[in-house]
Amino acid sequence: MSHFPILVAAQDEQELAAKLLPFHEYECTGFEEYLEFVPADMDKLTDDYIKYATNCTFDEFTKEEGYDKVDGVYGHYTNPNKKWDWWVVGGRWKDRVFCGDTAIIGDLDIPAIRAAEQLNAEGRWLDFVSAFGDLYAVGIFALRFAFPVLRFLKQDPRKGWEWLDKVKKPGTDGKSPHFDFSVEPGDWRGRYIERQGGALTWAMVTPEGEWVQQADMGWWAMYSNYDRKYARRFWRELEQMDPGQQVYVVDCHI
């Protein structure tokens with residue numbers, strides 16, 4: 001499971017809850033708003049019935065497995081826009097983005113905050129290079145090319161990490177480039193600063209209620225569908241908000 005911070009434009013906590021509701025994960029929240037019926041993969045469902053059902057009809061089996069039957073079609077209800085299963089204001093990011101976890105846009109010096117974020121990200125990159133070494137940092141960048149080649153050759157991509165382990169500086173045992181410094185394969189200084197210093201939060205909900213995000217968050221902080229344009233969109237949204245707009249920092253869990 002993963003935690004991630006988001007910024008939500010809302011004037012009070014009642015509006016905050018309403019802005020977040022369209023993105024709930026029904027399977028965990030049980031909220032019935034914003035649900036859609038998704039038909040089942042009947043080939044897989046039939047195979048599962050043949051393999052696992054004991055002394056029950058097909059309808060009984062599908063009901064036990066959590067499927068519904070609507071107009072003769074098997075499937076399940078879900079929220080296709082699900083992003084969180086629970087949330088709390090501040091949470092793990094309490095006072096780390098704004099003091100008090102809420103702010104009025106007109107009170108923020110947005111250019112100064114943006115510059116500070118980029119400076120902090122550059123400092124974290126330098127800390128990573130200092131800990132693991134220059135050659136290791138070059139190797140991290142090279143992984144973006146090594147992984148596809150290894151897959152093409154039908155080799156285990158983990159061989160790339162094995163090579164990197166041989167060139168890292170002594171004394172790094174127990175440290176992780178990902179968990180300690182948020183460094184990803186293919187990173188280089190500019191890309192890292194863009195991602196880590198590019199925006200204050202992983203995602204945001206705009207005054208119009210649109211969810212905008214850096215990437216799809218999965219379990220254990222693993223993500224996919226990274227959007228390199230997110231940071232520019234994040235700052236543009238802040239700059240265009242009404243000076244009286246209130247924003248909340250929210251800790252989301254998925």
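The values are calculated or read from the model by the stated rules, or taken from the named source; none is laboratory data. All of these numbers come straight from a predicted model, not from anything done at the bench. Backbone-built Cβ (ideal geometry, glycine too); neighbour counts: all protein chains shown.
Yes/no matrix, rows are residues, columns are (1) part of a strand (DSSP E or B); (2) of a type outside the set (F, W, Y):
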site: T46; (1), (2): no, yes
site: K51; (1), (2): no, yes
site: T62; (1), (2): no, yes
site: G66; (1), (2): no, yes
site: H76; (1), (2): yes, yes
site: N81; (1), (2): no, yes
site: W87; (1), (2): yes, no
site: R92; (1), (2): no, yes
site: F98; (1), (2): no, no
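Residues that are of a type in the set (V, I, T) and touching a Leu at 6+ places or on another chain (Cβ under 6 Å) are absent from segment 205-223. Restricting attention to segment 217-254, the residues that are over 11 Å from the mean Cα position of the chain (by Cα), part of a strand (DSSP E or B) and either of a type in the set (D, E) or farther than 19 Å from R195 by Cα (or both) add up to 5. Filtering segment 172-216 to residues that are surrounded by fewer than 16 Cβ atoms within 10 Å (Cβ to Cβ), in a loop (DSSP other than H, G, I, E, B) and either without any contact (Cβ under 8 Å) to a residue 24 or more places away in the chain or acidic (D, E) (or both) leaves D173, G174, S176, E208, E210.
Residues that are at pLDDT 95 or above, of a type in the set (V, I, T) and either on the phi > 0 side of the Ramachandran plot or in a helix (DSSP H, G or I) (or both) are absent from segment 112-122 altogether. Restricting segment 134-171 to residues that are surrounded by 13 or more Cβ atoms within 10 Å (Cβ to Cβ) and of a type in the set (V, I, T) leaves a set whose member that is farthest from G190 (Cα to Cα) is V167. Apart from one condition, L20 fits all of (1) part of a helix (DSSP H, G or I); (2) within 20 Å of the chain's Cα centre (by Cα); (3) farther than 28 Å from S182 by Cα; the exception is (3).
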